[in-house]
1. Provide a single number: the residues in the stretch 129-164 that are under 24 Å from HIS298 (Cβ atoms) and of a type in the set (D, E, K, R).
2. Just checking, does the stretch 299-313 include any residue being modelled with pLDDT under 95, assigned to a loop (DSSP other than H, G, I, E, B) and out of contact with any Gly (no Cβ under 9 Å at 6 or more places or on another chain)?
3. Kindly establish whether VAL315 is touching a helix residue (DSSP H, G or I) at 6+ places or on another chain (Cβ under 8 Å) and on the phi < 0 side of the Ramachandran plot.
4. When the residues of the stretch 224-243 are narrowed to those that are surrounded by fewer than 20 Cβ atoms within 10 Å (Cβ to Cβ) and assigned to a loop (DSSP other than H, G, I, E, B), which ends up farthest from the chain's Cα centre (by Cα)?
5. Please verify whether the stretch 206-223 includes one or more residues that are modelled with pLDDT under 95, acidic (Asp, Glu) and more than 30 Å from VAL143 (Cα to Cα).
6. Within the stretch 171-190, can you find the residues that are surrounded by 20 or more Cβ atoms within 10 Å (Cβ to Cβ) and not hydroxyl-bearing (Ser, Thr, Tyr)?
7. Tell me which of these LYS193 doesn't satisfy, since it passes every other one: (1) in a helix (DSSP H, G or I); (2) buried (at least 17 other Cβ atoms within 10 Å of the Cβ); (3) not assigned by TED's automatic domain parsing to the domain that holds LEU221; (4) not aliphatic (A, V, I, L, M).
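The values are calculated or read from the model by the stated rules, or taken from the named source; none is laboratory data. Predicted, not measured: the structure shown is a model, and the values here were computed from it. Cβ placement follows ideal geometry from the backbone for every residue including glycine, while neighbour counts extend to all protein chains displayed.
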Amino acid sequence: MPSIIVASDKPKAGKTMVSSVLSTYLASKGHEVSAMGSMFDESEAVSSIPEWLDDVEVIGGVPEKRPASPSSDQIRKVAEKIKAHSKGKVLVVESHLKTPRENNELAQASESKVIYVSNIDSKMSRTKEALGDRLLGVVLNNVPRYRMDLVKKTPQEVPVISYISENRHMVSSTVDQFARHLEGKYLYESDKKDELVLNVLIGGLVLDWSVLYFQSKKDVLAVIRGDRPDLHLGALQSGNVHALMLTQGIEPIEYVYYEAKELEIPIILVSTDTHETMDLIPGIVDKAKFDHPRKLNHALKEFEANIRQEVVDKVLGQITL
């Protein structure tokens, strides 16, 4: 049966996210699904399709960087691999090709259909013209929340399969990724280092009871000077903090260690002061990847909440023939 190529002409458009969401959604509807990447330089190939997809066979093999324009012979070789893996099941392929023309060539050679990932500011006329009847539709990603209702009412050049709003989950990182980004050292390490951080709170001049302050946000990384045990304990007792990031290279008192171990909350020590640490944190956004089950769950909810069922039914009709 025809495979689905998920493509875009822009880097970091959300192809891995849409490929993962689409694979999970189709599997939940009873389809046998596999996911793979379009391999053009196997010597540098790594899997960017998450291996934690439930009920989806992950074939892998996606280049880390977008390849230079491949030759027609390379495209044909990849097309044969796609055809070989798509027999008797739905195959979702994340394409790393740069242009609609290249994706059309791959789709024609592999007898696939294409779903494009775009944003609300992109013009789809060139894409529609290049792909023709190979184009099933578009997923509009990073739609501003305050514009969602208006965008849904606005006619589009290409059928919209679903809308996914901009959200904090997609640019978030885990505690461990923060630790590595800031070159921190674990004073105490636990499994919570793999939790997603959605908010960073500074333990500075806190006028209210510090527990209430750290309860004001969810999924918190608390950045606190190392010699403020009052704030350390308030953060630990809040129930919302995934890790303590202690600054100025100052280790905490023994009782903070004890409480952190009881609650299994990591303690990370950095040599920079609090201001320097906070200045470095925005740089982690550019490193964010679609690499966590919570990101998949959140994106899937967005996809299903904003789905256009009549378009999806038509898509399913074309790929399950």
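1. So the answer is 4.
2. yes
3. Details: touching a helix residue (DSSP H, G or I) at 6+ places or on another chain (Cβ under 8 Å): no; on the phi < 0 side of the Ramachandran plot: yes.
Here the answer is no, as VAL315 does not meet what is asked.
4. ASP227
5. For the stretch 206-223, residues modelled with pLDDT under 95, acidic (Asp, Glu) and more than 30 Å from VAL143 (Cα to Cα): present.
6. If the condition is that a residue be surrounded by 20 or more Cβ atoms within 10 Å (Cβ to Cβ) and not hydroxyl-bearing (Ser, Thr, Tyr), then VAL175, GLN177, PHE178, ALA179, LEU182, GLY184 are the ones that fit.
7. (3)
Listed here are the residues, each with its yes/no results for (1) loosely packed, with under 13 Cβ neighbours inside 10 Å; (2) more than 24 Å from THR174 (Cβ to Cβ); (3) out of contact with any Cys (no Cβ under 6 Å at 6 or more places or on another chain); (4) not charged (D, E, K, R).
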site: SER271; (1), (2), (3), (4): no, no, yes, yes
site: LEU280; (1), (2), (3), (4): no, no, yes, yes
site: GLY283; (1), (2), (3), (4): yes, no, yes, yes
site: ASP286; (1), (2), (3), (4): yes, no, yes, no
site: ASP291; (1), (2), (3), (4): no, no, yes, no
site: ILE307; (1), (2), (3), (4): no, yes, yes, yes
site: GLY317; (1), (2), (3), (4): yes, yes, yes, yes
